[in-house]
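The numbers here are math on the coordinates, done by the rules we state, and not lab data. On a predicted model such as this, the values are computed, not experimentally measured, just so you know. So basically every Cβ, Gly included, is an ideal-geometry build from the backbone, and we count neighbours across all protein chains shown.
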Amino acid sequence: MRQPLTDLGAFIRDQRERSAMSLRKLAETAGISNPYLSQIERGLRHPSAEILKSLARALSISAETLYERAGLLEGTERPTVIQAITGDDDLNQAQKQALIQIYTSFVGATQEET
């Protein structure tokens, strides 16, 4: 089983790679040094909430996601994708149904691939 910091670092590295961002670019965008970011990704350093916030902003993800991974927040109940769609007042019923159909087709395709 991985340690929480290793999980955090691996998650940050995965998000960086998904964003097609180099270590250097992420460090620069987040305002931290390359070696420090490298140590975070390898699970050797425990970044502060402020550093996590900067990394989240640079990666275009929520800071809360990184706070949870770092053990700074307890897991919060989040709605499922379908609950979020059905609860969105900006969508009409036909739009909600269309989004749910698209989502379930993507999830089904992903499950078939694994």
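Numbers for the structure displayed
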| read-out | value |
| --- | --- |
| Cα pair distances of the chain binned at 5 Å [whole percent] | 2, 11, 17, 17, 13, 13, 13, 9, 4, 1, 0 |
| Positive-end extreme of charge dipole, the chain - chosen from Ile82, Leu99, Ala49 (charges on Cβ) | Ala49 |
| Counting all C-alpha pairs of segment 4-69, share separated by more than 17 Å (%) | 25 percent |
| Chymotrypsin sites (Phe, Trp or Tyr not before Pro) within segment 24-105, DSSP loop, no more than 11 other Cβ atoms inside 10 Å | none |
| Low-density loop cleavage sites - GluC sites (Glu not before Pro) in segment 53-106, where at most 16 other Cβ are within 10 Å (DSSP) | Glu74, Glu77 |
| Test item: Cα-centred dipole of the chain, Lys/Arg +1 and Asp/Glu -1 on Cβ, debye | 560 debye |
